[in-house]
Amino acid sequence: MVNTIKRQVALMGAVVTLALSGPTALDARSAGQSPAASTLAVAGLERAVEIRRDRWGINHIYAQSEADLFFAQGYAAARDRLFQFELWRRQATGTVAEILGRRELARDRGTRLHMFRGNLDAELNHYHPRGKLIIESFVRGVNAYIAETERTPSLLPLEFRMLGITPGRWTPAVVISRHQSLTANITDEVRSMRALKTMTPEALRELMYFQGGEPVFTPDAALDPKTFPDNVLELYSAFRNAVEFKPEDVAAEFRAPSQRVAAVSSGPTPDSPLPTPDSFVDPRDIGSNNWVVSGSRTQSTYPIMANDPHRVQGAPSLRYWVHLVGPGWNVIGGGEPVLPGISIGHNEYGAWGLTIFGNDNEDLYVYDVNPANPNEYRYQGGWEAMRVVADTIPVKGEKPETVELKFTRHGPVIFEDRANRKAYAVRAAWMEPGSAPYLASLRMNQARTWEEFREACGYSRMPAENMVWADRTGTIGWQAAGIQPLRRNWSGLLPVPGDGRYEWDGYLPITALPHEVNPSRGFVATANHYLFPNDYPYPEAMHYTWADPYRASRITEVLGSGRLFSVAEMARLQNDDLSIPARALVPLLKDLSLSNAASAKARDQLMAWDFVMDKSSVPAGIHAMWQRRLLANLREQLVPEGARAVLGQGAVSLKRAIDWLYAPDGRFGADPVAARDALVARSLDEAVAELTKRFGADMAKWQWGQEGYHHALIRHPLSAAVNDTTRAKLNAGPAPRGGDGTTVSATGSGDNQTSGGSFKLIADTEDWDNSIGLNTPGQSGDPDNKFYRNLFDLWAKGRYFPVAYSRKKVESVTDSVTQLAPATTSTQQR
């Protein structure tokens, strides 16, 4: 049953011949046969490249030159994730309105305002000494596969047929786009300024959980919160928000009924209205865990590195596994599929991982505008001209839109308030050269020692990360990395006038950020928590808002237990569902007078509970709803009504809430302790009432992990726009989930898990072939591909696949082999 298919594809003036041979309908490995094999002859390669795809969908790429290696990475990733590539390209180039119409004009205008406009060659070579060669090779590989789809449109995944579009060609400028970088903290600045319309700075400071001192938190006298525009971030947010699709965007055969329209985006929306419990994404849930354990604390005496970055869950997944083997390269791990190299992984020498480190790399500047010329702003006592750039944006079904893009000395003008003669601009460190997200990982991929790894971190500007390292020599270490402005005379927590009084004094050298190597405790753990030492010598580089400490506390509790660890123990810890907040909150119910019999029974369940948010646990279900009601009632009591919508559901951090509940003050009432007890009891009554309404009076049916409660349904960005049949093909799940947003497992605090660790790696430096990993729902982004959702069940059950590294192990788990060969004269003439 062997067939041979030959295709000729026009590629940059050359002809490409593809010959496929072997079983086409069977999984060869599961059938006990040799892996399916195919050969592709392509112009642009120097020498032959082999791509071995394993049973879990990971491409292991073996090349004989650096250029060929990254060409093949681009080709293979585009083949797997072509629709994801096209969305990235359109967001990066400001051409979304070309396919979705006028409603996307703000996005495209915002994109063009925030494009990198510096020296491209210098930009590319920042990320690696041969960055230009690497990125251009990657782009050529992407375009090679796009050229193949141009010749054979049937290769296009389902989404292209649904939308009636085709993919466009890539350039290096697309790769370095900043639109999906994790930035901070301009949305917090604006949110705080808007909240100050209805409350004092002192009252707002009480609500906020600042760590690292007492930062200045009073607006400059020249700025009046009362006149501050609510929609000042419209262009900024539009540029950064995920693309949303509506039924009218898709072909009729796939379209959802008009009465069932509830747009689902391809990611979070920073400034959306208050969400439902199903859709709520607490910004504090968008974090990560990583840790490195020294050989003194492992069974093997070799270090172990574990990492599970927490980002928005989606189909296809945000990250993508690949193994790159070539001269000077033997690295395996994951990163965003549209970028060359690997962000999280290991080479022959060491393993590394990342979590978000708190830093503040952007500010909102407010200018007085010249009454006689709206394109001039006041700076140091005089009028300074804005730079104005004319641009044209293509719009579906209409003539192109002509726009003016304006820039001050600080950055793009994102809002103009003509009535009050004000202009607002963003100063963003992430628009500096070398600040595209994750690309500096290329340098880390070749690090052989802790010193080389730390030097590579010095080039990593965005996003700000906690980079951890573990190597075969026994060294473990941590280096915070990111571009951090120095603010000598303000905290960066509120917008400031752009008149010259508030200027950055350069940037802190990255290696001056906190770091340590081989600590005596025998491990390093980071989980987005506060990590500056109390004696940190650069207060002008401080950041003040951090994740609640509960994930970090639990990881430290386990790693500091004195046990000796293995890969199996690390897998258990990554999936740990114990709730430290529950350990603190549940004792508040002890001996409370409860008039409601059902509430008293629920209290009894909680008092006998082990605080593990297991998916089958009834007490976990009770606690989750009670915690929600506690936070909602505290928010209602402590946050002025006018500020609630501005600050959102995340207005009160759980850490602050627990502190207040244990030490209540006069805001609770004349008798703070009695008022606290009443609030605790009322919240439990409300939780019991809500659970009864949802699931009935039988408490045995109140398990935490169920589809109507805490579950995972991973949605495709088009899922809300399509009919039920198509949506079932695009989405993955549902599956019951344990944990919550405060547990190490980090499954989110809403009903549906919308964020968390979709990618996981546990790297064993004793034997790299002992390493294990995850990526949900699958490696492929093509809904018709067998690797689209094949990893979802593993992920939902807290299980892993083996990460094959040695050639022997890779061959033992190979599913298919693709040979990429340089095109010859004979193949070009076929």
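Within segment 461-479, the residues that satisfy the criterion of being open to solvent by 10 Å² or more (accessible area, probe 1.4 Å) and either modelled with pLDDT under 95 or touching a helix residue (DSSP H, G or I) at 6+ places or on another chain (Cβ under 6 Å) (or both) are GLY474, THR475.
Only one entry of ILE658, ILE622 meets the criterion of being at pLDDT 95 or above and open to solvent by less than 10 Å² (accessible area, probe 1.4 Å), and that entry is ILE622.
For segment 72-111, give me the residue count where each residue is more than 26 Å from ALA821 (Cα to Cα), among the small types (Gly, Ala, Ser) and in contact with a helix residue (DSSP H, G or I) (Cβ under 6 Å, 6 or more places away or on another chain). Total meeting the criteria: 5.
Looking across segment 89-109, just one residue is touching a strand residue (DSSP E or B) at 6+ places or on another chain (Cβ under 8 Å) and under 17 Å from ALA436 (Cα atoms), and that is GLY94. When HIS410 is tested against (1) closer than 15 Å to VAL232 by Cα; (2) under 30 Å from the mean Cα position of the chain (by Cα), exactly one condition is not met: (1). Exactly one residue out of ASP685, ASP698, ASP677 is farther than 30 Å from PRO777 by Cα and either among the aromatic types (Phe, Trp, Tyr) or without any contact (Cβ under 8 Å) to a residue 40 or more places away in the chain (or both): that is ASP698. The residue that is nearest to GLY798 (Cα to Cα), counting only those in segment 725-753 that are open to solvent by 30 Å² or more (accessible area, probe 1.4 Å) and in contact (Cβ under 8 Å) with a residue 24 or more places away in the chain, is PRO736. When segment 509-558 is filtered for residues that are in contact (Cβ under 8 Å) with a residue 60 or more places away in the chain and assigned to a strand (DSSP E or B), the ones remaining, listed by number, are HIS515, VAL517, PHE523, VAL524, ALA525, THR526, THR545.
Listed here are the residues, each with its yes/no results for (1) closer than 22 Å to VAL232 by Cα; (2) buried (at least 23 other Cβ atoms within 10 Å of the Cβ); (3) among the aromatic types (Phe, Trp, Tyr); (4) without any contact (Cβ under 8 Å) to a residue 12 or more places away in the chain.
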position	(1), (2), (3), (4)
TRP88	no, no, yes, no
GLN91	yes, yes, no, no
GLU98	no, no, no, no
LEU105	yes, no, no, no
MET115	yes, no, no, no
LYS132	no, no, no, no
GLY141	no, yes, no, no
ALA144	no, yes, no, no
THR149	no, no, no, no
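Among residues that are at pLDDT 95 or above and open to solvent by less than 20 Å² (accessible area, probe 1.4 Å), PRO303 is included.
Look at (1) buried (at least 21 other Cβ atoms within 10 Å of the Cβ); (2) over 24 Å from the mean Cα position of the chain (by Cα); (3) closer than 25 Å to HIS410 by Cα and you find that SER137 fails only one, number (3).
The single residue among SER719, SER653, SER683 that is open to solvent by less than 30 Å² (accessible area, probe 1.4 Å), modelled with pLDDT under 95 and either touching a Phe, Trp or Tyr at 6+ places or on another chain (Cβ under 9 Å) or within 20 Å of PRO640 (Cα to Cα) (or both) turns out to be SER653. Is it the case that some residue within segment 238-260 is under 26 Å from the mean Cα position of the chain (by Cα) and open to solvent by 60 Å² or more (accessible area, probe 1.4 Å)? Yes; the residues of segment 238-260 include at least one that is under 26 Å from the mean Cα position of the chain (by Cα) and open to solvent by 60 Å² or more (accessible area, probe 1.4 Å). Do we find a residue being at pLDDT below 95, in contact with a strand residue (DSSP E or B) (Cβ under 9 Å, 6 or more places away or on another chain), in a strand (DSSP E or B) and small (Gly, Ala, Ser) anywhere in segment 743-755? Yes, segment 743-755 has at least one match. Scanning segment 25-46 for residues that are at pLDDT below 75 and open to solvent by 40 Å² or more (accessible area, probe 1.4 Å), we see that the one that is nearest to GLU148 (Cα to Cα) is ALA25. Going residue by residue through segment 504-523, is there one that turns out to be crowded, with 21+ Cβ neighbours inside 10 Å, in contact with a strand residue (DSSP E or B) (Cβ under 7 Å, 6 or more places away or on another chain) and of a type in the set (Gly, Ala, Ser)? Within segment 504-523, none of the residues are crowded, with 21+ Cβ neighbours inside 10 Å, in contact with a strand residue (DSSP E or B) (Cβ under 7 Å, 6 or more places away or on another chain) and of a type in the set (Gly, Ala, Ser). Which one is farthest from ILE61 (Cα to Cα), of the residues in segment 324-338 that are in a loop (DSSP other than H, G, I, E, B) and open to solvent by 10 Å² or more (accessible area, probe 1.4 Å)? By that ranking, first place goes to GLU336.
Inside segment 588-622, residues that are under 19 Å from ASP577 (Cα atoms) and part of a helix (DSSP H, G or I) make up a count of 8.
Here is a yes/no grid of residues against (1) in a helix (DSSP H, G or I); (2) more than 30 Å from SER595 (Cα to Cα):
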{"site": "ALA700", "(1), (2)": "yes, no"}
{"site": "TYR709", "(1), (2)": "no, no"}
{"site": "ALA720", "(1), (2)": "yes, yes"}
{"site": "THR725", "(1), (2)": "yes, yes"}
{"site": "LEU774", "(1), (2)": "no, yes"}
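Taking the criterion of being outside any helix (DSSP H, G or I) and among the aliphatic types (A, V, I, L, M), the only residue of segment 559-573 that qualifies is LEU564.
Out of contact with any Phe, Trp or Tyr (no Cβ under 7 Å at 6 or more places or on another chain), surrounded by fewer than 20 Cβ atoms within 10 Å (Cβ to Cβ), at pLDDT 95 or above and not small (Gly, Ala, Ser): which single residue out of LEU223, LEU124 fits that description? Exactly one residue qualifies, and that residue is LEU223. For PRO664, state whether it is without any contact (Cβ under 8 Å) to a residue 24 or more places away in the chain, in contact with a Gly (Cβ under 7 Å, 6 or more places away or on another chain) and either over 18 Å from GLN703 (Cβ atoms) or open to solvent by less than 40 Å² (accessible area, probe 1.4 Å) (or both). Considered against the rule, which asks whether it is without any contact (Cβ under 8 Å) to a residue 24 or more places away in the chain, in contact with a Gly (Cβ under 7 Å, 6 or more places away or on another chain) and either over 18 Å from GLN703 (Cβ atoms) or open to solvent by less than 40 Å² (accessible area, probe 1.4 Å) (or both), PRO664 comes out as no. Within segment 589-603, being open to solvent by less than 20 Å² (accessible area, probe 1.4 Å) and within 15 Å of ARG676 (Cβ to Cβ) holds for one residue alone: LEU589. Of all residue pairs spaced 6 or more apart or on separate chains, none has beta-carbon atoms under 6 Å together with a first member in segment 562-577 that is without any contact (Cβ under 8 Å) to a residue 12 or more places away in the chain and a second member that is open to solvent by 50 Å² or more (accessible area, probe 1.4 Å) and in a helix (DSSP H, G or I).
Could you tell me whether segment 58-79 includes any residue that is within 26 Å of the chain's Cα centre (by Cα), acidic (Asp, Glu) and open to solvent by less than 30 Å² (accessible area, probe 1.4 Å)? The answer is no, given that none of the residues of segment 58-79 is within 26 Å of the chain's Cα centre (by Cα), acidic (Asp, Glu) and open to solvent by less than 30 Å² (accessible area, probe 1.4 Å). May I ask you to list the residues in segment 523-573 that are of a type in the set (A, V, I, L, M, F, W, C) and touching a Pro at 6+ places or on another chain (Cβ under 7 Å)? LEU531, PHE532, listed by residue number.
GLN574 meets all of the listed conditions (1) open to solvent by 20 Å² or more (accessible area, probe 1.4 Å); (2) in contact with a Lys or Arg (Cβ under 9 Å, 6 or more places away or on another chain) but one, namely (1).
The conditions of being over 30 Å from LEU486 (Cβ atoms) and buried (at least 19 other Cβ atoms within 10 Å of the Cβ) are not met by LEU564.
The values are calculated or read from the model by the stated rules, or taken from the named source; none is laboratory data. This is a predicted model, so every value here is computed, not measured. Methodologically, a virtual Cβ is constructed for each residue, glycine included, from the backbone with ideal geometry; neighbour enumeration extends over all protein chains shown. The protein model used for the area step is the full one, side chains on, heavy atoms only, and it has no ligands, DNA or RNA in it. Shrake-Rupley method; radii C 1.70, N 1.55, O 1.52, S 1.80 Å.
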